[in-house]
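The values are calculated or read from the model by the stated rules, or taken from the named source; none is laboratory data. Just so it is clear, the structure is predicted and the values come from calculations on it, not from any experiment. Virtual Cβ from ideal backbone geometry, glycine too; neighbours counted across all protein chains shown. Heavy atoms of the whole protein, side chains included, go into the accessibility calculation; ligands, DNA and RNA do not. Shrake-Rupley method; radii C 1.70, N 1.55, O 1.52, S 1.80 Å.
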Amino acid sequence: MAHLSRVFAQVAIDSGGELILDYRVPDENPAKPAVGSLISVPLGKRVARGIVISLSEQPSTPGLAVEKIRPYHRLLFPTPVIDPELSELGDWVASYYGSSRQAVLRSFVPSGVWKGGVRSAMETWLVLAPEMASSENLQRSPRQREIAVALESAAEKQLPVKEIPGKRSSILAIARKMEKEGLLKVEHRPAGDPFHENDDIVPAIPPDPNPEQRAAIERVFALLKEPTPHPLLLFGVTGSGKTEVYIRAMDAVVEKGKSALLLVPEIALTPQTMERMRARFAHTGKGVAMLHSNLSEGERYGEWCRIVAGEAKIVIGPRSAVFAPMQDLGIIVVDEEHEPSYKQDSSPRYHGRDVAVMRGKICGCPVILGSATPSLESLHNVHEGKYHLSRLDQRVDGCDLPVVRVTDLRREPRQEGAAPSIFSRELAKQMRARLDRGEQTILFLNRRGYARSQQCLACGSAIGCPHCSMTLTYHRKREQLLCHICGHQQRPARACPECGDASIRASGFGTERVEAALQQQFPKARVARVDSDTVARKGRLQELLDAFKTGKIDIMIGTQMIAKGLHFPNVTLVGVLQADLGLQTPDFRAAERVFQLLTQVAGRAGRGDLAGEVVVQAFSPESPAIQFARHQDFDGFAEQELQMRKAFGYPPFQHAALILSRSEDAVAGHRALLDLVPYLKAAGTNLQVVVGEAIPCPLEKAHGQFRFQILLRSRSPARIRKLIHDALAAVNLPKTVIVVWDMDPYSLM
Ligand code: ADP
Ligand code: ZN
């Protein structure tokens, strides 16, 4: 057996489930693959792909005969696609969030890389063989000689095919022939920056940091010198110039030749921010890679390759960018660290901020978490001494935070049995004043569509989705009833499907109805609506924002899309149409979310020379989240909310996890969790994990499946994990039921 290679690669195969197999290094190509390499392997009769997760001198399955182990085929990507630090991070994500290695690897490496390249993002290069003497050139055919001469005079004797004059297909045909004779090599390489780093970017002139900013920057500089720095929470009110602190810190890092990562919430990654960032980093001459969800497969592949190759030292992207393959990471910034969109709601169910903190720990680099409304988790970590804190209490423009007025919708005049009008008297008066003065207004309502539902006046029932426990939203323009959970559509009803009565009407309102009401009440006003219905087309969001910025729009009504990050100096009024909309959700974070949202929305007002005002409409104006937001009192809110969380044993004082079941069969779905409960409770007592009951989820049915949940809580995530692993191994669950679990869940729905 001496002729067989003694190196075995343990390969995580890209397949549905967890599958890790041993392969031998092929004899004809005895170079060891590096850990993290993407390779193709034989799997049964087919060819599969996988990533080398370790190498060993013995097969990992003891007793397996060496001859039985098949050699792998070949490398699919020239360099490892995962470096050792990322691989360590991947192990942590897989174990902490209980997901398969496959699911983790798939989020690390974009689909285009798995496929071995994306055509649109690849370039074909011709590389002259070094041993080819130029005298030999002369004996070639004229076309061959032309190609050889072109390569000869090129830098490093290589050129992309597209830069060689002539027809592409004929050049390629000749080149292939020359390749066979060993005169050159044809190589497929990732193309350069798909966005062609605009030459016309005007470098922005950085403002001078104010004293608060300077103190924060110095703080970060000090952390950069530490070998194992703790994360820093940068708590700065809206408009306090947190971004400037990020940029200066990132600048310092790339100046030293290291790379920097900036995570932003998905919705914040507008072309507006992207341009601003490119402009600010233009002077460094270092590439900026932008990863966002609108990239095509080829674009994503191209950006990823630029990062792996070290061409892009600065990476900006949403949560998944935390896995960007950068070398020598010097800093990670998580902007708006409190944003729920950092949590992924499918496997691996990771939280981008928490993974960032872990990556910083592995790489020994500082992690900056920025927010105007820090998550209670991060604040708690400050209190525990695990995170540092820097505060920016002043707005950079020296403007005061806007004045917030709360109007009680219960006191608004209304006709008997009818809902109050959409705009309170106060809000209507303020909007009129803005229109008269030529100033702008933003209205915020976190519900799209025209009406929440169609409701029967006779029997009171609302038309629901056949697949979900959710009413269908009425969209007037497309004349459809639409399920916002599963996307089910149907024609609006003319009569009640329950009782047959014809007195059916639209009840409740969404952004589409607000737009109509604005046009009716302020016929001269120029109104724009920004929600996922109106900005479905690529580029449309930017058009609307530009129009607003240049004063072509007076009033903008939108969903959470417009809640953050936007900066419009002429906006002096922000109206929140129904502030308590989120307070009714059965979630221990409901108050925190409403407080955050109100604070962020209010931060959109008065960002220029003009003072801002905010009108918040609510049915329960006395609720603490609204009152604290009104006084912009984060510390007061946090103190009260933390006391409550502590009293009830909720995060951040304990970790929570949800076990979820889904099944088309409601009884089986419930049964599965009921069967787990006795085991969980018995074993949970020893492990000090508090186990809740198996109950229907607030959203009982979605996509035709019934949903149930068990909430677990403990100080130790490791013990929760162990308990769930043991329970799932000990209890037999029916095949018709899908059971998953979610560590540190962000949605309890
Ligand atoms: P935040 O993210 O804290 O809400 P930004 O970083 O967006 O605030 O800053 C708000 C605005 O103030 C931006 O237009 C930014 O360019 C500007 N700015 C930041 N720092 C300064 C400064 N020191 N002097 C003048 N303008 C500044
Ligand atoms: Zn539905």
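May I ask you to give the percent of accessible area on the stretch 555-609 that is carbon plus sulfur, with a probe radius of 1.4 Å?
Numbers: 750 of 1390 Å².
Looking at the stretch 555-609 in its full context, I get 53 percent from C and S.
Could you give the angle, 0 to 90 degrees to the nearest 10, between helix 590-602's Cα long axis and the longest principal axis of the Cα atoms of the chain?
90
Rank M431, P374, P402 by how far each Cα sits towards the positive end of the charge dipole of the stretch 359-435 (+1 on Lys, Arg Cβ; -1 on Asp, Glu Cβ) and give me just the farthest.
M431
So for the stretch 655-743, averaging the separation of alpha carbon pairs under 8 Å that are six or more residues apart and normalising by length, what relative contact order in percent results? Provide the component values of the computation, followed by the final result.
Working: 166 pairs, mean separation 42.1, N = 89.
Once normalised by length, the contact order is 47 percent.
What is the packing order of peptides 654-662, 397-405, taking the mean over residues of other C-beta atoms within 10 Å and listing the highest first? Before the final figure, lay out each step's value.
Working: 654-662: 21.3, 397-405: 16.2.
Answer by packing, highest mean first, reads 654-662, 397-405.
Going toward the positive end of the dipole of the chain, with +1 on Lys and Arg Cβ and -1 on Asp and Glu Cβ, which of A629, A458, P229 do you reach last?
Projecting each Cα onto the dipole axis, the largest value belongs to A458.
Return the whole-Å distance between the Cα centroid of the stretch 548-604 and the Cα centroid of the stretch 303-349.
26
Under the classification rounded if a/c is under 1.5, otherwise prolate if a/b is larger than b/c and oblate if not, where does the stretch 617-693 fall, given a ≥ b ≥ c as square roots of the Cα gyration tensor eigenvalues? Don't skip to the end; give the middle numbers.
Details: a/c = 4.48, a/b = 1.87, b/c = 2.40.
Cα axes put the stretch 617-693 in the oblate bin.
Might you tell me the accessible area per residue for the stretch 655-743, computed with a 1.4 Å probe and given in Å²? The partial results should precede the final answer.
Details: 4260 Å² over 89 residues.
Heavy-atom accessible area per residue stands at 48 Å².
Under 29 Å between alpha carbons, and skipping anything fewer than 8 positions from K549 in its own chain: which lysines qualify?
K242, K429, K477, K524, K538, K564
Could you sort 623-631, 147-155 so that the peptide with the highest average Cβ count within 10 Å comes first and the rest follow in order? Before the final figure, lay out each step's value.
Values: 623-631: 20.0, 147-155: 16.4.
The densest-packed peptide leads the list: 623-631, 147-155.
Suppose a student asked you for the relative contact order of the stretch 211-396, using Cα pairs under 8 Å spaced at least 6 residues apart; what percent would you report?
Numbers: 333 pairs, mean separation 70.1, N = 186.
Dividing the mean separation by the residue count of the stretch 211-396 yields 38 percent.
Could you look at the stretch 655-743 and say what percent of its accessible area is carbon and sulfur, using a 1.4 Å probe and all protein chains? Numbers along the way, then the final one.
Details: 2310 of 4260 Å².
The computed percentage sits at 54.
Order the peptides 359-368, 535-544 from the highest to the lowest mean number of other Cβ atoms within 10 Å of their residues.
359-368, 535-544
Given points 7 Å out from each Cα along the Cα-Cβ axis, report the A729 to I205 separation in nanometres with one decimal.
According to this spin-label approximation, the distance is 6.6 nm.
In whole percent, what relative contact order does the chain give with Cα contacts below 8 Å and a gap of six or more residues? Don't jump to the answer; show the numbers that get you there.
Values: 1436 pairs, mean separation 75.6, N = 749.
Rounded, it is 10 percent for the chain.
Quick one: helix 211-225 against the long Cα principal axis of the chain, what's the angle to the nearest 10°, folded into 0 to 90?
30
Helix-only mean residue ellipticity at 222 nm, the chain, DSSP H runs n ≥ 4 weighted -39,500 (n - 2.57), per residue, nearest 500. What is it?
Values: 20 runs with 231 residues, N = 749.
Mean residue ellipticity, 222 nm, calculated: -9500 deg cm²/dmol.
Given a 1.4 angstrom probe, what's the average accessible area per residue across the stretch 261-390, in square angstrom? Could you put the intermediate results ahead of the total?
Details: 3760 Å² over 130 residues.
Using a 1.4 Å probe on heavy atoms only, each residue of the stretch 261-390 averages 29 Å².
The stretch 211-396: percent of C-alpha pairs farther apart than 26 Å?
I get 23 percent for the Cα pairs in the stretch 211-396 exceeding 26 Å.
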